[in-house]
Amino acid sequence: MSELETVFKSEDLAEELRRESRSLGLPAGSAEDVIKKVTEGVCLWLEERNIITKSDLERVVSRELDKYNADLAYIYRNRDKII
Amino acid sequence: MSSLGIVVFSALICALLQLSLGTLLLLYHNSIGRHIRKKTKSLAGSFISGVFLMNFLLLATNCFLSYAFFGGELPLLAFSVLVGILAALSLVIFCFYFRRGKTSKESTELWLPKSISRFVDSRAKITNNNSEAFALGLLTVFGELPFTFALFFLSGSMILELSAGFETLALCLFSLISVLPLLVLRLSVRRGKTVVEVQRFRVHNKFFFKLLAGICFLSLAGFVFAFKILQGGV
């Protein structure tokens with residue numbers, strides 16, 4: 001595996017989403033529900049693929065988030081575009 | 001009176017620029033996700049103090065520079081150059097201030113040197129204590145100097161034209177006006193606005209901010225031309 005390649009870990013994604021949802025002030029219970037559904041959706045999508053790019057992953061996470069929480073999806077999509 | 005008007009107008013233009021506001025928003029976003037609210041509040045307070053102090057110090061430095069090089073009274077040629085710079089800046093702000101591109105429709109990325117914006121972005125994400133937040137505030141004022149230097153220099157010279165008792169007051173007034181949007185943001189977050197709502201507002205009004213800042217730069221150029229060049233030359 002080259003330096004640029006990393007292994008996807010659903011816990012990392014869940015932790016990132018947890019941080020984002022805390023910053024939006026979402027109730028912990030409903031945030032956990034959303035995170036669980038999103039990580040499951042992403043893992044399902046990943047089952048058919050061996051190699052993906054970071055932007056593929058971000059696109060799918062954002063699509064999954066859109067289904068459950070529009071604010072969380074918005075901030076996830078635009079987190080690097082504030083300044 | 002026109003000198004005080006120029007100082008206040010310059011401060012308003014400084015307040016319209018977006019780097020400190022964006023950085024504070026990013027700081028809020030990352031801090032609320034990691035720390036308790038009290039810590040976030042204190043980080044925001046330190047950041048705003050940093051911006052206030054750097055504005056104050058830069059303006060005071062420009063007062064000194066103006067005094068040292070021009071004896072406190074700018075010649076007509078210097079005013080003409082400043083008017084030219086302000087007019088050029090109005091165009092630059094209007095055309096380039098917010099980064100353009102395919103992905104920038106929903107973003108408020110600024111047209112700053114990439115290294116500066118990346119550094120500010122990364123610092124805002126890992127800022128953990130008050131001194132770091134304070135330093136970040138100082139840094140963001142520096143980051144926007146390409147756009148604000150002319151404003152600082154002009155205001156510094158104008159402050160020297162005020163009577164001695166008003167000079168410190170004008171310095172404080174400039175610094176206070178230029179941090180007003182940050183105070184408003186702090187108040188909004190305290191009243192329950194989320195980072196998403198604020199960012200959506202910024203994206204929604206991006207064109208308006210750009211237009212307003214551009215027009216203000218141009219108006220300031222016109223103001224200086226009318227009150228300092230035409231009136232001073234007569």
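Read the figures in this text as sums done on the coordinates, not as results from a lab. The shown structure was predicted, so the numbers you read here are calculated from the model rather than taken from an experiment. Virtual Cβ from ideal backbone geometry, glycine too; neighbours counted across all protein chains shown.
Using the Karplus relation 6.51 cos²θ - 1.76 cosθ + 1.60 with θ = phi - 60°, the per-residue 3J(HN,Hα) values for segment A:69-79 come to 8, 5, 5, 5, 4, 4, 6, 5, 5, 10, 5 Hz, with x marking Gly and Pro.
To the nearest 20 debye, what is the magnitude of the charge dipole of chain A about its Cα centre, counting +1 on the Cβ of each Lys and Arg and -1 on the Cβ of each Asp and Glu? Each step should come with its number before you reach the end.
Working: 14 positive and 18 negative charges, 61 e Å.
With only Lys, Arg, Asp and Glu charged at Cβ, the dipole is about 300 debye.
Å³ per residue of the Cα convex hull, for segment A:10-77? Don't skip to the answer; put the middle values down first.
Working: hull volume 5.0 nm³, N = 68.
Each residue corresponds to 73 Å³ of Cα convex hull volume.
Here B:1, B:54 are placed in order of increasing Cβ neighbour count within 10 Å, fewest first, which gives B:1, B:54.
Show which lysines lie in cross-link reach of residue A:67 when reach means a straight Cα distance below 26 angstrom and same-chain residues fewer than eight apart are skipped. In chain and number order, the partners are A:9, A:36, A:37, A:54, A:81, B:102, B:105, B:193. Annotation: amide H of residue B:98 within the under-5 Å range of B:111, sequence separation 5 or more or interchain, hydrogens built in the peptide plane.
Computed over the protein assembly as shown, the convex hull of the alpha-carbon atoms projects to a mean area of 18.5 nm². In chain B, the longest principal axis of the Cα atoms and the axis of helix B:130-143 are about 50 degrees apart.
If you average 1/r over every pair of different alpha-carbon atoms in chain B and take one over that average, what Kirkwood value in Å do you get? Don't skip to the end; give the middle numbers.
On the way: mean 1/r = 0.0545 Å⁻¹.
The answer is 18.3 Å.
List the longest stretch of chain A that has no exposed loop site; here a site is one of the GluC sites (Glu not before Pro) assigned by DSSP to anything other than H, G, I, E or B, with at most 15 other Cβ within 10 Å. It runs A:6-47.
Each residue of segment B:179-187 was assigned a 3J(HN,Hα) from its phi angle through the Karplus expression (A = 6.51, B = -1.76, C = 1.60, θ = phi - 60°), giving 9, 3, x, 5, 5, 5, 4, 4, 5 Hz with x at Gly and Pro.
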